[in-house]
Amino acid sequence: MYSIIKRLFDSIASFSALVLLTPLTFPLVLILRFTSEGQIFYLQERVGYKNSRFFIFKFATMLKASLNMKGGHITLKGDPRITKIGNFLRKSKINELPQLLNILKGDMSIVGPRPVLKVSFDAYPKKVQQVIYNIKPGLTGVGSIIFRDEEDLITKIKNEGGDVWDFYQNSIYPYKGELELWYQKNISLTTDVKIIFLTFWVILFPNSKLYLRWLNDLPKRSF
């Protein structure tokens, strides 16, 4: 019953949001078309449901050749590959709105584990790889809330002379995996509603720890 209600909610919510957000997205499309490199959408292959592949939609925030430039798939705070408007879109999370199309198509859900690149998926512990996408990936999830500061975190590691990719492999991805295992153990409509609310909350109040009171028995973060 949960999966049926969730899919119905995803379909209605994503369609309604696409319609209601047209006054915001239409001017944004024009701005993107006539600034930077003229690229509006960015499509990238990600790992999704049952470890299958699909293309995720985002508003373009980086230079077209960014993956082939210094930094690769890791984005730091103040990354020179990010366009001027891209900084605002990423900080506000508006760049993620086109994923409502992925939700409407059925590739994604509103709440679930974030879909990642294959190279990032391979950094998850094996036990996580086997189960993380037994549910559809989400526009937001518990990892999105807790790692609201991810770019700041890895930028700090870089500035201190640390190995960013090593930090991802040995700290960030193992912990994100534990968070997603927690979500699957606690999956419910109530949990989903809490995560949706907390997603908006941390955008408005980035330093808030409200999630610690609302989401019980989360795995402990050691970094």
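Structure above, values below:
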{"quantity": "Contour excess over end-to-end distance, with Cα ends at N134 and F223 and 0.36 nm allotted per residue", "calculated": "29.3 nm"}
{"quantity": "Ellipsoid semi-axes in whole angstrom, largest first, where each is sqrt(5λ) of the Cα gyration tensor of the chain", "calculated": "25, 23, 17"}
{"quantity": "Gain on full stretching of the segment that runs from N51 to F200 - 0.36 nm per residue minus C-alpha separation", "calculated": "50.8 nm"}
{"quantity": "The stretch 111-204: C-alpha gyration tensor shape, a/c 1.5 cut-off, then a/b vs b/c", "calculated": "oblate"}
{"quantity": "Rounded if a/c under 1.5, otherwise prolate or oblate - the stretch 55-118, Cα gyration tensor axes", "calculated": "prolate"}
{"quantity": "The stretch 2-214: relative contact order in percent, alpha carbon pairs under 8 Å with at least 6 residues between", "calculated": "20 percent"}
{"quantity": "Prolate/oblate/rounded call for the stretch 1-111, Cα gyration tensor, a/c under 1.5 rounded", "calculated": "oblate"}
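Rule-based calculations on the coordinates, nothing more; no lab input. Nothing here was measured: the structure is a model prediction, and the numbers come from that model.
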